[in-house]
Every structure is written in C-alpha cells, then in structure tokens.
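This report refers to the structure that appears directly beneath it.
The values are calculated or read from the model by the stated rules, or taken from the named source; none is laboratory data. The structure presented is a predicted model; accordingly, all values stated were derived computationally and were not measured. Positions of Cβ are generated from backbone atoms using ideal geometry, with glycine treated the same way; all protein chains shown enter the neighbour counts. Surface areas here come from the heavy atoms of the whole protein model, side chains and all, with no ligands, DNA or RNA. Shrake-Rupley method; radii C 1.70, N 1.55, O 1.52, S 1.80 Å.
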Amino acid sequence: MIFPEGSTRRTDHKAASETVYDAVIVGAGISGAIIANELSRAGKRVLVLEAGPGEDMDIPGYDDYLSRFYEAASKDNQSPFASNDSAPMPRSTDVRRIRPGHPDASAYFVQNGPFATDTTYTRALGGTTLHWEGKTLRMLPEDFELQTRYGQGRDWPVSYDELEPHYRHAEREIGVSADVEDQAYLGISFKPGYVYPMRGLPLSYLDKVVAKGVDGTKVALGGEEYELKVRPFPQGRNGIPNPGYDGGKGYRPVGAVSTNQVEEGGRCQGNNNCVPLCPVQAKYNALKTLAKALQTGRVDILPQTVASKVNIDPGNGRVTEIEYKTYPEVNSKEYTTGTVRGRIFVLSANAIENARLMLASGLTSTSGLVGRNLMDHAYLLAWGLLPEVAGTFRGTICTGGICDLRGGTFRGEQAGFAIDIHNDGWGWAMGSPYTDLVNIVDDHNKFGADLRRELIARISHQLQLAFMVEVLPNASNRVAVDASFKDQLDNMRPVITYNIPDYSMRGVAYARQTSRRIFQRTGAEDYTMYDPTDYGYATYDGQGYVIRGGNHLGGTHLMGTTPRNSVVDSHQRAWDHENLYLVGGGSMPSIGTSNITLTLAALCFRSASHMITQLRHDTAPAEVAAG
Amino acid sequence: MSRDRLKDLLQAAVELELSTIPPYLCALYTIRPVGNDEAKLVIRSVVVEEMLHMVLAANVLNAIGGEPQVTGDHAPRYPHELPDGVVLHLLPFSPEAVDAFLKVENPDQSYQPLAADHPLLGGRRHQHHLARCAQSAEGSGPTTIGAFYREIIALMEQAAGQMGEQQLFCGDPARQVGREYYYAAGGRSIIVTDLASARNALQEIVEQGEGDMGSIYDDDGDLAHYYRFKQIKHGRAYTGAAEGDPTGPPVAVDYDSIFAMIANPRSEDYTDPDLRAASDAVNRTWSELLLQIEASFNGTPEAMLPAVHSMFKLRDEAIVLLANPLSGHAGRTAGPTFEWDPSAQADLGMPL
C-alpha cells in the first residue's frame, strides 16, 4: 500500500486555517482513517489533526518502531514508540498501586482509583491499531439488547441486524481471516452465502493440545449447561484469500505501507509479537486505510497538532472551530495555537481523549454523561505448565480460544467472558520468555547448549489463559479533567476514576474456577499466583485476583435514544451539536465480550454514510465560512 | 516434438530462476543486523521477484503437461553459469556482489566475469555448473535472458498454431499455483490455461527482469531495481528524474558490517565436525525446501505453506554458519553451500 510521499508535510497550519473543510477529523487512528477515506472518496475535502508525531510512513520509519521494540528492556504495548511529553500516552509500566485517598498523578493519567488501570492507547499515525492484537470478533446479537434480555447494562439504539452490513464493510477494510462455520455461534448470523475476505487462520498446535483436553467439557451455570469447545478467532491479519469472497471476485490482501512499493505484509508469517508490533505489517494497522485516504489528494493532515478546545456557537450549539496547539518537535514545551474550520467536525481520538477534549472545552452535554460510563475489559490471567511439549511460542500471539461463555441467561447475574489461549506462553503474566532466560542464566547458571535446551524445555510447556471479562457501563467510572493537572502543552490531563463492578467480579471469580477446570482437563499444573501488592489486585468474596486492562475503551460518549440518556445518537452525532460527531469506542453503550475495534469500525462506516448525507443536505456552511 | 522442446526450455527456465536466488540470499544473510538498510530492502525485493518468476515458469510448464523439477540434478550448483554467460557466485555482500547484481538486473551492462585469481575468489572457483537451458538450447543458445524467453514465447505460438491451442494447453488446472498459495511476493501469480495467459506469465518475467530501461522509475513510480543497486554501488541516492550515476544524498553502505563468508563454499571445506554438521543442516533444509516447492508444482500447491517455514529455518541455520570464522581463511567465515542433500525428506504436512 503506497503512502503518498510528502503528504504529511504538504499542508501548513496557515493554509489549513484559511480553508473551510468539509470535515475536520481529530485523530488518525482507525476511526479517523475510515471516516477520512469514506468522505474523501465521496469527493469531500478533509483535514485530519494528529496529536502525535506523523511522518510519511515508509519501511525505514516502520523499522525504527521495530528496532525500538527489539532494543527495549520492557516489551509493553508502547515500547515501539518514542515517549513524547508534548502529547503524552498512558503506559502500563507507569501504573502504581493506589492508596485510598492518594491519587497517583505521577504519569499521564491522574488515577483516582480505587482500581489502578494499566490500559493504554497510542498517539501516533495509525493509533492503537499499531499495537492491537488483531482479534476481530463480532459482538453477539444479545449484546445489543442486554437490558431487555437480562435486565443489565443498556440496550443499543441499533440492533445486530442493522449493524451486520457494516460489520461486513469493516471486515473488508481490516482484511479479516476467518471461516463463517467457525464463527456462527450464540446467534451470530451472516448474510446468506457470506464468506470472510480470507480463509481462517489455523489453530496453533498449543490450541489443539488444549482442545484435546477441553472439547466437550460441560459446565453448569445459572441453571443451564454449556459445552466448551476451542475455536479459532477471526483475525485482522492476512491469510489465504478466499476465492469465493464478494460473489467470486476474491479479495486482494493489503500488504505493508510505504512510500514505495514493498513486497511484504501480504501474509502472516507467524511471528510471535503481533503485540506490540507486527514486523511485516501482515496485521492490519490503520496506516493502510490512512494511506488510501491520502491517495485521494483530498485529505490534508497536520501531525504534532493537539486539538485543545472545541468552540461552539452558543446560539445553535453548532461547532464553529477547533483550537489546536502545535509543537515543533517531539517533547517540545514550545507550541503555537491556531484554529481550523469545517462544515462538520469528527472527534476520533479514542474514548478517553474524546471525553478529555470535550470536558476541557466545557462541553458536558445535556445528559451530563460526557466522560462517564468508562469501560474496558477486565482481563484475568491464569497460567500453568502442560504435561507435554505443546509448541508454545509458535504462531501468532493468539489463534484460538473458548467463546461458549460469552452469552447466556447467566448474564442476568454475572459477566460473560471469552477465553484466549496465549501462544506467547506466560508472556503477559510473567514476562516470558525474557524472565525465564534471566532466571536460567542468573539462578541456574546454565549457558551454551544447556541454556538453550533448558529455555526451550521450560517455555514449550507453558499455557496461559486470558479471560476477557465484560464490564458494564457505570456512571461513576469516569474520565474527568482538572485544571490543576496539565501536560506540558498546558492541555488538561485525563483524571480517571475507576473500579471493577461486582457484576464483573462475579465473572472474574467464575473465570478463575473455569481455569482450574481447564487445567484439570489438560493435566496442567496450576502456577497462577495473584500478588496482593500488584497494582491490579482486587478482591471479591474473600478471594484476591489480579486484573489487567484490555485497551478496549468505551462508553464515555455513549449512544442512545434521547439527549437525556446519551451523548450521541445512533449515528454517533452529538445530540447537542448537530455538526459534531464523537466516534469510536466511546459511543458504545456496552462492550460485550468482543475486542472493540471491529465493532467501532463498523459504527464508523455507518456514521460515514450519514455524514455524507448530512453534508449533501446541510445548508449551514456559508454561515460558518463567513464567520 | 515441439511440445517436448518447449517442456525442456520451460524446465530450463524454472531452473534458471531458481539458480538466481541463492546468490541474493547469500548477500542478504551476510549483512549484519544493523545498517545497510537500503541494501537489505532492495536485495529482498529482488529475491521475491525471482521466486515469482520461478512460479510463473512452472505454471506455464504445467499448463502444457510438464512436470517442473527443482530437486536432484535440477538443483543449482555454484558457480552457476546462466545461458547468457553470466556466472553466478555465492558471495558475501560486497562491491563484487553488487556489480554482479547490476549485471543480472540489466542485460545491457557489460559483463566481466571475476578472474580466477580475483582476491575474493582466491582460487576457490570450481567447475562451472552450466544451466540446463544453455545445454538444451539449439546452436549457440540465446544471448540474453530476455531473448531466451522470447524464443519460448515464439515456439509456444508456433506449437499452438500447429497442434491447436487446446491440444497444447492440456495440463491439469489443479496443478497451477494460484493466488491462494502465492501472493504478495514480487507481484501476483498468474494461472496459465491458454496461450494468452502463458504469454502474460512469460512477459511478466521478462518485463520484471529487464524492466523498462528507458526510465529509472517503474510503473508504480518506484526506482527500478537496477537503479537501486546503482545507489548502493555509488553510495548516493537518485533525486528526481536524473539519469546516469546518482549524485543525491548519501545512501549508507557499509561493506565491513558483514559476515565475510568465503566465495562459493563447498561442504568439503568444512573439516571441523561441528561446522560440517551445521552446514549439513543448512543443506538438508534447503533440500527440504526444494522438495516442498517441487510438490507444490506437482499437484499439491498448498505445499507452499510449509515451504514458508522452511525458508525461515534456512535463514536461521545459515546465520549459524556465517557466525563461524573458518580456520585457514584469515578473516573469513563459513557460509551456506546450497548443495542438494539426496537424503532429505520434506514435511508436506498441511497446517490446514
């Protein structure tokens, strides 16, 4: 995929400030990229502001990310990206345990607690899709009507069936590898005859070892019986194109992004570091969509430009302009301010940054819900050693898991979850294989061939399960701002107040129980240990657990049916501001048990066609232009 | 008669394309991990084009009822002589290797084979393995690779005219390696079922191989391979539409940051048992890879999937050799010999 050379440099702030764009988009991640691409292909002129650094993406630039990751001592999600105090990012390595009454303001997030979240997002061209894992599960039809069915959470203002065509758009854009027959469960339905763009990626050997023990296991929950089965996950990474796609037209996989044609990324090579970075870009990242949008020539982009305030016309609520601060180089304290104008404005900076910007602009909405209902999946990890060599560390990070407890009547009482089988062993829980290596060298005095044998013997038995537990919207889980906490460009930082609700903790407790069952069925020795001093330690019913964040942020400008029960309508348009869209995970009224990217991408496709219609009919631009 | 002649020529084409790959791999693998970024990128992109050419030639051969072979006597041996007289050596990344690549990328480049007493060869030149295409060509053989393919196209048109297109293209379509199992490496595979698709496939090879020497940029606006190698040779980038030698900003090239493998190594050079075992492992993997490729050309196209794993294995095992200094060769290291191992057995296990 060609990234047009010079496209990140050709627009200057002065020229941009003198233009009235059809749309001004804040944030160049997947949401912003999809909307920029759809609008520009409909002939609209688009300006994208990106807070993080943004140079033309080419292979040497991408390799800089890779080298930084390879050289980093910590291999966390943000390890490929240079730290940038001008547009800071949350980082899991910054998180500390919060003492009650003592908020932790030592890093970008100001964390009130009581739970300290290690969730992250990335401020760079391409956004968090640079380090996403690439799982592309659809939400269950029942996820859209949780309140009606189970008396929990909120119903969505759109149904699964209404979103289904947009799921297909998103699956095309991301390039999803999966087989319909594996993914049609718990009511998930597909258009008749549909096939995914690419064939499903195979289960890993480790998945098959687990399946041998687990498949057919029956568990009773809420008076019903569920049968467990290891199934492959749909993946946003290139596999074998399905010749039957698109009525027999097939699908052409999108390879690596660069200013010149490169021959890589066309197919997943099974590297084991999808997170934080696919070495060959076989995994989708939003640079692929952004490059396409830039190819239209109708998309201008201003990197290192942090949107700092949304200004509205108090008379009609319409957004008149967005103020920004632009900094000359990474980590600079210097900045200059300016404004940009458009007929419509789109905030696509993720659930936390969208809310932060709205609140920093004094826009809390009629509902008062901006920033509230912050959600993220609560991950519980469980780890053990299998009795046989299971080929751990072969294949991409996660190829298969168990989805049978994602839905069911038990959700009236407790959260559902999906279970990931991690091909990267104890990596997330214990830092394997690096920690194993240090241990074998420092504590076991092994070197040379002995070291190699011992390391392989140890890691190839590892089994780590990750339970992705649903968290429902809760108004007291929130993002706020406070003028006493600012970053070095004088932008207010996100102040996070967050706790894991009991509904989710009941799911967590059941997840732990399920992990014991799975270890028993596979003959694995359970090595799980939850350290009470860990920042993610949480207790429920006398038991302690360590919970990790999922980087699946939602809820902070959730969609609904009226201006009183929600911030945006079903097209993600702000009820209070008719030319403002808040898009992305923040619009989701619940996050179910699916990694959110596919669903938020589907929502963005749906919103983009609404924007195009609005731009066609809206007569207001002349006034804006005159202002 | 003419079908057999065509089969011979296309089999020679498959071997020709295969034989170009190990020299590029040697250059690529001998570059140390840090630096020489542009060299790594251009060599890699050429390697994958050569792989595509081999697949395209095999598809054409299959389409006329042939059975492409790449194992045993059909595997290359180095130094390897191409039909146009170019001799392919296994060399580390070096000015001599870049000159050789410039020659392979541009048939108009004047070619001076390395003299037997060239310091890089240091008397290590072996008996040439003359490519089969040169042996099987009538008379003195073609003078350029382009001419060789044009001869095949002409013969194919002639044969189709004589026996009928359907008669000529009698191969089983299930033996074609299509886009499901081959894509995003140098271009797209072409399924060959008739004269038009066969012509497309062979012209793709010729065009990618020779390029349009009238411009330094290709249809995608990218600098053509030949000119990217010129950038390496001169350590300078092209700017704009400039022709001739590049004079733009420096391109970082460091011929010292390499594993200096000996030229055209052979198994018998490795008298140390550990080194010999490491070399045998590389050759076993190379041979397994060839068996997988051959299976994919003979009715099991999905064998391309495990072949990808073999390529990673080949690289990792080759680097083990390269990291070992070779006694008796001051400052030089061992390197992959790319020899056929008759005892190799391929894992054709399908991950699906």
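The mean number of partner chain beta-carbon atoms within 10 angstrom of a residue's beta-carbon across peptide B:40-48 is 3. The magnitude of the dipole of the protein assembly as shown, with charges of +1 and -1 set on the Cβ of Lys/Arg and Asp/Glu and taken from the Cα centre, is near 2160 debye.
Relative contact order, whole percent, for segment A:282-397 stands at 16, derived from Cα pairs under 8 Å and 6 or more residues apart.
Between A and B, roughly 1700 Å² of accessible area is buried in total, ligands, DNA and RNA not counted and the probe set to 1.4 Å. Taking the square roots of five times each eigenvalue of the Cα gyration tensor of segment A:261-374, the equivalent ellipsoid has semi-axes of 33, 19, 16 Å, listed largest first. The largest accessible area among A:Glu525, A:Glu454, B:Glu294 belongs to the first residue in A:Glu525, A:Glu454, B:Glu294, and the rest follow in falling order (1.4 Å probe, all chains). Dimensions of segment A:326-390 from C-alpha coordinates, computed as largest minus smallest value along each principal axis and given longest first, are 63, 39, 23 Å.
In segment A:353-511, taking the dipole from charged Cβ atoms about the Cα centre, the farthest positive-side position among A:Asn354, A:Val438, A:Thr366 is held by A:Thr366. Sites listed here are trypsin sites (Lys or Arg not before Pro) in segment A:301-374 whose DSSP assignment is loop and whose Cβ has at most 16 other Cβ atoms within 10 Å: A:Lys333.
Here, segment A:150-240 yields an orientationally averaged convex hull projection of 8.0 nm² when only Cα atoms define the hull.
Compute the whole-percent fraction of alpha carbon pairs in segment A:521-571 spaced more than 17 Å apart. So the pairs more than 17 Å apart make up 63 percent of the total in segment A:521-571.
Of the GluC sites (Glu not before Pro) in segment A:280-333, the ones in a loop by DSSP (not H, G, I, E or B) with at most 12 other beta carbons within 10 Å are A:Glu329. Across every direction, the projection of the convex hull enclosing the Cα atoms of segment A:107-203 has a mean area of 9.5 nm². When the solvent-accessible area of segment A:46-172 is split by element, carbon and sulfur atoms take up 44 percent of it, the probe being 1.4 Å.
Converting the Cα gyration tensor eigenvalues of segment A:461-526 into ellipsoid dimensions via √(5λ) gives semi-axes, longest first, of 39, 16, 7 Å. Per residue, the protein assembly as shown exposes an accessible area of 37 Å² to a 1.4 Å probe, with every protein chain left in place. When shorter helices are ignored and each DSSP H run of at least 4 residues is given -39500 (n - 2.57), the per-residue value for the protein assembly as shown at 222 nm works out to -10000 deg cm²/dmol.
Taken residue by residue and averaged, Cβ atoms of other chains lying within 10 Å of the Cβ of A:258-266 number 6. Diffusion coefficient of segment A:448-491 by Stokes-Einstein, Kirkwood radius over Cα pairs, 37 °C, 0.692 mPa s: 201 µm²/s. For A:Tyr537, the residues whose amide H sits under 5 Å from its own are A:Ile547, ignoring neighbours fewer than 5 places away on the same chain, with H placed 1.01 Å from N. Averaging over all projection directions, the Cα-based convex hull of the protein assembly as shown occupies 41.7 nm² in the image plane.
For A:Ile25, the residues 5 or more places off, or on other chains, whose built amide H falls under 5 Å of its own are A:Leu47, A:Val48, A:Leu49, A:Val346. Based on alpha-carbon atoms, the Kirkwood radius and the radius of gyration of segment A:404-561 give Rg/Rh equal to 1.06. Within the accessible surface of segment A:471-548, defined with a 1.4 Å probe on protein heavy atoms only, the carbon and sulfur portion equals 43 percent.
Taken over segment A:1-135, the convex hull of the Cα atoms encloses 156 Å³ per residue. In this structure, the amide hydrogen of A:Met139, modeled 1.01 Å from its nitrogen in the peptide plane, lies closer than 5 angstrom to no residue at least 5 positions away or on a different chain.
The Rg/Rh ratio for segment A:175-330, using Cα coordinates for both the radius of gyration and the Kirkwood hydrodynamic radius, is 1.12. Of the GluC sites (Glu not before Pro) in segment A:37-95, not one is in a loop by DSSP (not H, G, I, E or B) with at most 11 other beta carbons within 10 Å. Across segment A:171-180, coupling constants 3J(HN,Hα) worked out from phi with the 6.51/-1.76/1.60 Karplus curve, θ = phi - 60°, read 5, 6, 4, 6, x, 8, 9, 5, 10, 3 Hz, and Gly and Pro carry x.
Accessible surface for B:His309 stands near 120 Å², nearest 10, in the context of the full protein assembly shown (1.4 Å probe). Two numbers describe the Cα atoms of segment A:358-412: Rg and Dmax, which are 20.6, 59 Å.
Considering only A:Gly200, A:Gly239, A:Gly265, and ranking their Cα positions along the charge dipole of segment A:173-291 that arises from unit charges at the beta-carbon of Lys, Arg, Asp and Glu, the one farthest toward the positive end is A:Gly265.
Ordering A:Gly427, A:Leu381, A:Cys403 by Cα displacement along the dipole of segment A:368-437 toward the positive end leaves A:Cys403 in first place; charges were set at the Cβ atoms of Lys, Arg (+1) and Asp, Glu (-1). Only Cα pairs under 8 Å and 6+ residues apart enter the sum, and on that basis the relative contact order of chain A stands at 21 percent.
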